[in-house]
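So the structure is just underneath, and the comments pick up after that.
The values are calculated or read from the model by the stated rules, or taken from the named source; none is laboratory data. Since the model is a prediction, treat every value here as computed from it, not as a measurement. Note: ideal-geometry Cβ built from the backbone for every residue, glycine included; neighbour counts use all protein chains shown.
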Amino acid sequence: MSEQNLQSQTVQTTGHAWDGDLQEFNNPLPTWWVYVFYVTIAFAIGYWLVYPSWPFGKGFLPGIPVPGISKITYVNSEGETVESHWNTRALLAKKLNEAEEMQKPYFSKVAASDFGQIAKDPELSGFVLSAGKALFTENCAPCHQQGGQGVLGFFPNLTDDDWLYGGSYDKIHQTLVNGRRGYMPAFGEVLSAGEIDALANYVASLSGIPHDGNKAASGRALFTSEAAACFYCHGENAKGRQDIGAPNLTDKIWLWADVPGADKPEDKLAAIRSTIIAGVNKGVMPAWGGRLSPEQIKVLTVYVHELGGGK
């Protein structure tokens, strides 16, 4: 092969070089690829113009009307009647309006019925389970998870029969309307390391976790003393108080301390000890009284009650 052909096939460089021989080559993209890239840009611009897309002022680009297709009338989120040319966004809004109209008689019946009547009415119960699932998915699942199983250390499990504030219809309704804020003071700077260890052993003994008997006995005395005053919230029998959301420490159900996730007894004790030291200040649930309608909250109340061990 001639020297001229070799030079024509040699990849050109940009002229940049580092450390003497480290060069930046110039490898242009294939022409067909560049043209396809330009076509996608043109297509995107056209798509943004034809279909509802970018936010614009207080609204959005509405798209270009398609000749021969009738307009769509719907009610927006502010209660205003809007007439729009056909587009997928307006069509979705109209379908949502139609769904709301279909649900109105059921929501009215829910509003006029007490919780017991709702549970005994098969048709109304079916509606509550369907509408409640949608409301739960949209508003509650981000914290309590899709099935209501919660997240250990953050959000309670709604599928068991352990209720911090009570699992009756009225208590669940009150929780949804007003929200909750769980709190336990931190004892890390109040009690000594030995006292905290004794308390941890006592709490472990309540759930049958291997522990030091002597330390547990000291922890029992400390639990019911004025020094730690744990009994004020958890009760002298450590079964908790639903009126303030203090957990039952004897039922082997854990929310704040990740005891189930620890394999060894010493790790379980460490999880309990950490909770005693740091306390709990993250059990916050927002109030839904001003976010959802009374009928929606009532539907959610029945749905959550039916998830597990509602009492």
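I'd like to know if the range 162-184 contains one or more residues that are of a type in the set (S, T, Y), at pLDDT below 95 and under 30 Å from E266 (Cβ atoms). Within the range 162-184 (the criterion being of a type in the set (S, T, Y), at pLDDT below 95 and under 30 Å from E266 (Cβ atoms)), the answer is yes, since at least one residue qualifies.
Checked against the criteria, F187 counts as surrounded by 15 or more Cβ atoms within 10 Å (Cβ to Cβ), over 27 Å from D160 (Cβ atoms) and touching a helix residue (DSSP H, G or I) at 6+ places or on another chain (Cβ under 8 Å). Of all the numbered requirements in (1) touching a residue at least 40 places away in the same chain (Cβ under 8 Å); (2) closer than 30 Å to P260 by Cα; (3) not β-branched (V, I, T), F107 misses one, and that requirement is (2).
Filter the range 233-274 down to residues that are polar (S, T, N, Q) and in contact (Cβ under 8 Å) with a residue 24 or more places away in the chain and give me whichever is farthest from M184 (Cα to Cα). So the residue we want is T250. Of the residues screened, G59 is not one that is of a type outside the set (S, T, Y) and on the phi > 0 side of the Ramachandran plot.
Suppose the filter is touching a residue at least 12 places away in the same chain (Cβ under 8 Å), part of a helix (DSSP H, G or I) and out of contact with any helix residue (DSSP H, G or I) (no Cβ under 9 Å at 6 or more places or on another chain); does W48 pass it? So W48 passes the test.
Would you call A216 touching a helix residue (DSSP H, G or I) at 6+ places or on another chain (Cβ under 8 Å), modelled with pLDDT under 95 and either of a type outside the set (K, R) or more than 16 Å from F187 (Cβ to Cβ) (or both)? Judged against the criteria, A216 is not a match. Against the numbered list (1) of a type in the set (G, A, S); (2) touching a Phe, Trp or Tyr at 6+ places or on another chain (Cβ under 6 Å); (3) free of Cβ contacts under 8 Å to residues at least 12 places away in the same chain, G132 comes up short only at (3). When the range 191-221 is limited to residues that are within 34 Å of the chain's Cα centre (by Cα) and without any contact (Cβ under 8 Å) to a residue 40 or more places away in the chain, the one that is surrounded by the most Cβ atoms within 10 Å (Cβ to Cβ) turns out to be Y202. If you go through the range 31-73 and keep only what is of a type in the set (S, T, N, Q) and within 39 Å of the chain's Cα centre (by Cα), you end up with T40, S53, T73. Taking the range 60-84 as the range and being exposed (fewer than 10 other Cβ atoms within 10 Å of the Cβ) and either of a type in the set (G, A, S) or closer than 16 Å to Y47 by Cβ (or both) as the test, the residues that pass are G68, S70, S77, G79.
The residue that is nearest to S192 (Cα to Cα), among those in the range 210-255 that are in contact with a Cys (Cβ under 7 Å, 6 or more places away or on another chain) and aliphatic (A, V, I, L, M), is A246. Examine the range 87-104 for a residue that is in contact (Cβ under 8 Å) with a residue 40 or more places away in the chain and surrounded by fewer than 17 Cβ atoms within 10 Å (Cβ to Cβ), and state whether such a residue exists. No, because not a single residue in the range 87-104 is in contact (Cβ under 8 Å) with a residue 40 or more places away in the chain and surrounded by fewer than 17 Cβ atoms within 10 Å (Cβ to Cβ). Of the residues making up the range 222-263, those that are buried (at least 20 other Cβ atoms within 10 Å of the Cβ) and of a type in the set (F, W, Y) number 3.
Which count do you get for residues in the range 83-107 that are among the hydroxyl-bearing types (S, T, Y) and within 30 Å of Q117 (Cβ to Cβ)? Number of matching residues: 1. The single residue among G68, G63 that is within 18 Å of L91 (Cα to Cα), part of a loop (DSSP other than H, G, I, E, B), touching a Phe, Trp or Tyr at 6+ places or on another chain (Cβ under 6 Å) and at pLDDT below 90 turns out to be G63. If the condition is being within 27 Å of P142 (Cβ to Cβ), assigned to a strand (DSSP E or B) and out of contact with any strand residue (DSSP E or B) (no Cβ under 7 Å at 6 or more places or on another chain), then the range 233-287 contributes A246, K282.
Take W86 and tell me if it is modelled with pLDDT under 80 and either in a helix (DSSP H, G or I) or among the aromatic types (F, W, Y) (or both). For W86, the condition - modelled with pLDDT under 80 and either in a helix (DSSP H, G or I) or among the aromatic types (F, W, Y) (or both) - is met.
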